[in-house]
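Chemist: Quick one: the structure is below, and I'll ask about it shortly.
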Amino acid sequence: MSVLKNKYLKFIKKQETLGDNFKDKWGQLNDYLLPVCFEIFKFQKSKKKTVVISLSGGQGAGKSTLAKIFQIILSTIYKLKVVNISIDDFYKTLNERKKMSKFTHPLFMTRGVPGTHDSKILFKIIKRLKNKKFKKLMIPKFDKSKDDRFKVNFWQKITKKPDIVIFEGWCVGAKPQSKKNLMKSINLLEKKEDKKLTWRKKVNNELKTNYKKIFKLIDYKIYIKVPSFKYVFKWRLLQEKKLGFKSKNKSIMKTSEVKRFIMFYERITKRMMKNFKDNNIIISLSKNHKIKSINIYD
């Protein structure tokens, strides 16, 4: 346990720059994170194969931080080989989204919603990670500060077959809506810039087809539940400031830009906040960004 504590605190210390609320949470580790990892461990052992664990939740909820903590716990205590992948690393390139914005709808210039990811590569990589006859592979990485994909030499190299793949992302596991629900605009972005519903219909169709195919590869689901949608904006803004602090490229979004950016995610995020009960584990966060409870379902 002392080895785990040292690794955990070392990682948490790196998150403290802008007051990350996962810092100094040894109690939270014992009360919430260790029990979650024990459930993941039990599940993987029962399947005796590579399993994909999804980790979804609103922007800024702490998905990447939790994914890394789970990786530390599972590899340190249970000696499991864990690979973390983020749906954000599979965004289409800047040039690909420029073409999509020209020929499909201008709103696809902004990364985020289903349709702006390279779903073919994502599906292929998850299949390869789960394959019994594993072969080494490279996983893309995306530079949000430049809004474009990193060059191949910066990609994540996977040389050994993993026991667990933690697949994190805001829309991972999202389901499509009915045509009736798509009709009503839920914010100014949809009302003013998607009057003909072209953008939201395309996004919805992606969930029905390409993303449904990807999400079927998930074996176990974990959802991070935020108090309300307003905290998605608050925490996403903090995330942007943190990105600016760490990155050499200072071209990050301003507050007004983050507000508009969140509108792209709003429809699916709110729907996921209402329909989260099909997950295996629910991690509920308090208003000060701490874990307040976990619910585990068989």
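The values are calculated or read from the model by the stated rules, or taken from the named source; none is laboratory data. Please read these numbers as outputs of a predicted model, since none were measured by experiment. For neighbour counting, all protein chains shown are included, and Cβ atoms are generated from backbone atoms with ideal geometry for every residue, glycine included.
Chemist: Taking segment 136-153 as the region of interest, how many residues are touching a residue at least 24 places away in the same chain (Cβ under 8 Å) and in contact with a helix residue (DSSP H, G or I) (Cβ under 7 Å, 6 or more places away or on another chain)?
Modeler: Selection size over segment 136-153: 8.
Chemist: Can you pull out the residues in segment 141-184 that are of a type in the set (Val, Ile, Thr) and surrounded by fewer than 13 Cβ atoms within 10 Å (Cβ to Cβ)? Walk me through it before giving the result.
Modeler: To start, the set of residues in segment 141-184 that are of a type in the set (Val, Ile, Thr) comprises 152, 158-159, 164-166, 172.
Passing the criteria: VAL152, THR159.
Chemist: Go through segment 16-127 and tell me which helices (runs of 4 or more DSSP H), entirely inside it, have 1 or more residues that are of a type in the set (S, T, N, Q) and within 27 Å of LYS287 (Cβ to Cβ).
Modeler: Output list reads 63-76.
Chemist: Scan segment 188-209 and tell me whether some residue there is within 30 Å of LYS47 (Cβ to Cβ), of a type outside the set (Lys, Arg), touching a residue at least 40 places away in the same chain (Cβ under 8 Å) and not in a loop (DSSP other than H, G, I, E, B). Show your work before the answer.
Modeler: Here is the first cut: in segment 188-209, the ones within 30 Å of LYS47 (Cβ to Cβ) are 206-209.
After this cut, where a residue has to be of a type outside the set (Lys, Arg) as well, the list is 206-207, 209.
Those left that are additionally touching a residue at least 40 places away in the same chain (Cβ under 8 Å): 206-207.
Subsequent filtering for residues that are not in a loop (DSSP other than H, G, I, E, B) retains 206-207.
Yes.
Here is a yes/no grid of residues against (1) under 24 Å from ASP278 (Cα atoms); (2) part of a helix (DSSP H, G or I); (3) modelled with pLDDT under 95:
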{"position": "ILE186", "(1), (2), (3)": "no, no, no"}
{"position": "ILE214", "(1), (2), (3)": "yes, yes, no"}
{"position": "TYR231", "(1), (2), (3)": "yes, yes, yes"}
{"position": "LYS241", "(1), (2), (3)": "no, yes, yes"}
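Chemist: In addition: Among what's in segment 128-165 and is of a type in the set (A, V, I, L, M, F, W, C) and assigned to a loop (DSSP other than H, G, I, E, B), pick the residue that is farthest from LYS254 (Cα to Cα).
Modeler: PHE134
Chemist: Quick one: LEU34 ticks every box in (1) at pLDDT 95 or above; (2) more than 19 Å from the chain's Cα centre (by Cα) except a single one, so which number is it?
Modeler: It is condition (1) that LEU34 fails.
Chemist: When you go through (1) in contact with a Leu (Cβ under 7 Å, 6 or more places away or on another chain); (2) at positive phi one by one for HIS289, which number turns out not to apply?
Modeler: Going through (1) in contact with a Leu (Cβ under 7 Å, 6 or more places away or on another chain); (2) at positive phi one by one, HIS289 breaks only (1).
Chemist: Also, quick follow-up: Name the residues in segment 59-91 that are aliphatic (A, V, I, L, M) and over 30 Å from GLU266 (Cβ atoms), would you? Show your work before the answer.
Modeler: Here is the first cut: in segment 59-91, the residues aliphatic (A, V, I, L, M) are 61, 66-67, 69, 72-74, 77, 80, 82-83, 85, 87.
Within segment 59-91, ILE72, ILE73, LEU74, ILE77, LEU80, VAL82, VAL83 meet the criteria.
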